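Undergrad: This structure is in structure tokens; I'll ask about it shortly.
The values are calculated or read from the model by the stated rules, or taken from the named source; none is laboratory data. Small disclaimer: the values here were computed from a predicted structure and weren't measured. As a convention, Cβ positions derive from the backbone with ideal geometry for all residues, glycine included, and neighbour counts pool all protein chains shown.
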């Protein structure tokens, strides 16, 4: 393999890749991302390959297995280019029809197209689907076009041009200036300006300097870093080389959690290939700049995503955060100046270098520029990965891109920023999503998790869920986080069991403040956010739990009871047979059944079983059979 | 070493001359400003784990631990105000919530900083002085044990005043307050507290990963332990088990 030793050589390779691409008549791109793998895309891919082989189409048709295309809800996904037909929810049986209709007759297969839920119209092209139409894809732009393990595909989309521009036309100071000018803020959570961080690190005198990439994504339901590394690892590598050039580092690490085997595999392969082309290692692109990368695999501790803990982990120690200062740009990895940025931050760097700071600044709000990837999950129709310009409203994300709430339910809140973010209620949905507005509302940008909750979600239960997660993930080093979170969880559990008092709310807020102000690292600092934000916006729910002994959303088992609607019940006996504690009485075909709430444990099995929807959940305590009393007696 | 610059700092409106770059918590203690702190040991690198020594520096809204802060010229420190004291009280409350508090049976009682703080923040009923008064008739040894604060000062005076009695500690894992001293002290970078717990709670998988065989029996971990836990005892019991097999 030839090493790239000049920009001209790169240009030649890019042109060769384009030429190779043009030889094929059309391309079938199948999403091979994690979401689609889960929906069974591998079988479809196998079928597609064997069918193409069988029909002798290999010369005219190219098949690309890409990284995540984002619309995970509708997977497995397929796009046929240049027609642009976008097929969803594929089964292996659909392949012959697609090959006949779309490839040979150039017609689209109607039944596999996306149906717009509002107008019930079939939409053929990807860019016309509301889910994609309202997005602004920068980092994710090429995810659906390129095969992650093929560097030729990356060359074809002008890959590594930004690196050539950096090395041959810009000084390290220029790169830093450009990044500061673009106001690229770290996408990992805190939103610290990346350019400034690089500048501070460059100013440090100690040598060597290190560069690290944080791909230890641990938020429940968030998977954007994983998808970038799986789908377009060269973009991140290119961004890292540029950053290394800017700060003067010669060794870098990509810290990926080992639970992301595909991301690890693709990143390692990409590093290997980049080395062969002379894009990593000594004398990159024929200049005297040298930089090499290594993948460090994490063992899956959530706290290892915290910068100092991550560095301890790379050094081979337990991932426990330490007190800053000294900050990592002064004393990071192995005690040397280190810049740590998130995957998505590095993914933005080549784009800024290529298109300039002015272009980047034209997207977004005053203090938050560019676009941000969110993983939209929870009670929303279109779950998946979305990249939207900063400053878009939550309402637009949930209703236009997300397609609203399933089952015609009402939306209650959106939880942003992962387990340590806060819940934003529906009446604040018009706030603009950027770093500052979110933290003003008591939440945070975080790494970009976005969990939509509908009216059936109990906010006390949500707070409890996140604290339970954080309790397990606390490293146990500092006192407020180690003991404070379990204490808060205890109080919340009491409240959900109906044993809470008004005093508990005061206590919760008090401990929250102590944890927030005194915890050692970011995990502890932000751990009380779910509690504080739910108390602020949903105080009535907490009060209903405490004073009325009722869970308004019908979630907490001790604060609800079930009742059979005698008019709907057909005495079919299914609920009685399903009940694990024999709490339902009645005879098949006889009178309507009755639930004895003295015995019932509110497991919900009967509701699932009932074909007539005759069983209702009623918040509160049934007279004579108060469940809270039972808990108290225990 | 060249002489350090003397600088002036203010702690709670009290002007103090201190060496530039000195540890703020140590400086405060030397000037009899009793900022609570359970995890700072002048001979070990600070871990900043207990968070009791948080102070507000130069009017910052976010408190920082004094034990990891270096003294700078003109520094203005708020060490005691209503908010900080409330945080400290909450923190001690939290620490005591997981602590055995079996003072009557504990060897550290009467010479226990946690006990002292519990009393100071009115969470615990009995002060070390009162405790000594009542119980010194029962066990004489409490009179002679070094007060940890003096020990921490590392002054020659404290050595003569309070001779260290060796082998007088008999702590149990439940006495651990997770100050992190033992981890910092271990010359082989082991995690003594985790090894102890893994042995105690029979977590063999965890134990294997902590490589207890690397222990060189130097005893530093138990020497620095404020709970006087005999950490190496747990290691050797493990070793005996292995030899038996």
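Undergrad: Could you check, for the stretch A:386-397, whether at least one of its residues is in contact with a strand residue (DSSP E or B) (Cβ under 8 Å, 6 or more places away or on another chain), without any contact (Cβ under 8 Å) to a residue 40 or more places away in the chain and either away from chain B (no Cβ under 14 Å) or buried (at least 24 other Cβ atoms within 10 Å of the Cβ) (or both)?
TA: yes
Undergrad: Name the residues in the stretch B:89-115 that are in a helix (DSSP H, G or I) and either touching a helix residue (DSSP H, G or I) at 6+ places or on another chain (Cβ under 8 Å) or under 30 Å from residue B:5 (Cβ atoms) (or both), would you?
TA: Matches in the stretch B:89-115: B:90, B:91, B:92, B:94, B:95, B:96, B:97, B:103, B:104, B:113, B:114, B:115.
Undergrad: Follow-up question, since we're still on this one. Taking residue A:485 as the residue in question, decide whether it is within 14 Å of chain B (Cβ to nearest Cβ), part of a helix (DSSP H, G or I), touching a helix residue (DSSP H, G or I) at 6+ places or on another chain (Cβ under 8 Å) and touching a residue at least 24 places away in the same chain (Cβ under 8 Å).
TA: Against the criterion (within 14 Å of chain B (Cβ to nearest Cβ), part of a helix (DSSP H, G or I), touching a helix residue (DSSP H, G or I) at 6+ places or on another chain (Cβ under 8 Å) and touching a residue at least 24 places away in the same chain (Cβ under 8 Å)), residue A:485 qualifies.
Undergrad: Okay, next question. What's the number of the only condition in (1) assigned to a helix (DSSP H, G or I); (2) away from chain B (no Cβ under 14 Å); (3) surrounded by fewer than 20 Cβ atoms within 10 Å (Cβ to Cβ) that residue A:558 fails to meet?
TA: Among (1) assigned to a helix (DSSP H, G or I); (2) away from chain B (no Cβ under 14 Å); (3) surrounded by fewer than 20 Cβ atoms within 10 Å (Cβ to Cβ), residue A:558 violates only (3).
Undergrad: Now, a different point. Among the strands (runs of 3 or more DSSP E) confined wholly to the stretch A:1-114, which include 3 or more residues that are closer than 16 Å to residue A:129 by Cβ and touching a residue at least 24 places away in the same chain (Cβ under 8 Å)?
TA: Qualifying strands (runs of 3 or more DSSP E): A:78-81, A:85-87.
Undergrad: Do you know which of the residues in the stretch A:90-124 that are buried (at least 16 other Cβ atoms within 10 Å of the Cβ) and under 25 Å from the mean Cα position of the chain (by Cα) is nearest to residue A:391 (Cα to Cα)?
TA: Result: A:114.
Undergrad: Between residues in the stretch A:130-141 that are touching a residue at least 40 places away in the same chain (Cβ under 8 Å) and residues that are in a loop (DSSP other than H, G, I, E, B), which pairs lie under 6 Å by C-beta distance while being six or more apart or on different chains?
TA: Sorted first by the residue in the stretch A:130-141, then by its partner, the pairs are A:131/A:71; A:131/A:382.
Undergrad: Which one of these is modelled with pLDDT of 90 or more and surrounded by fewer than 15 Cβ atoms within 10 Å (Cβ to Cβ): A:608, A:623, A:568, A:587?
TA: A:608
Undergrad: In the stretch B:176-195, what residues are more than 14 Å from every other protein chain (Cβ to nearest Cβ) and either surrounded by 13 or more Cβ atoms within 10 Å (Cβ to Cβ) or in contact with a strand residue (DSSP E or B) (Cβ under 6 Å, 6 or more places away or on another chain) (or both)?
TA: B:185
Undergrad: From the list B:79, B:22, B:48, which one is touching a strand residue (DSSP E or B) at 6+ places or on another chain (Cβ under 8 Å) and either over 22 Å from residue B:10 (Cβ atoms) or facing another protein chain (nearest Cβ under 9 Å) (or both)?
TA: B:48
Undergrad: If you don't mind, there's one more thing I want to ask. Looking at (1) in a loop (DSSP other than H, G, I, E, B); (2) surrounded by fewer than 23 Cβ atoms within 10 Å (Cβ to Cβ), which one does residue B:47 not meet, given that it meets all the others?
TA: Condition not satisfied by residue B:47: (2).
Undergrad: Restricting attention to the stretch A:426-475, report how many residues are within 14 Å of chain B (Cβ to nearest Cβ) and touching a residue at least 60 places away in the same chain (Cβ under 8 Å).
TA: So the count comes out to 2.
Undergrad: I've got another one for you. Kindly indicate the residue of the stretch A:334-348 that is surrounded by 24 or more Cβ atoms within 10 Å (Cβ to Cβ) and more than 20 Å from the chain's Cα centre (by Cα) and also farthest from residue A:243 (Cα to Cα) among those meeting that condition.
TA: Only one residue tops the list, namely A:337.
Undergrad: Another question, if that's okay. If I ask for residues that are part of a loop (DSSP other than H, G, I, E, B) and within 11 Å of chain B (Cβ to nearest Cβ), which ones from the stretch A:496-551 would you list?
TA: A:519, A:520, A:521
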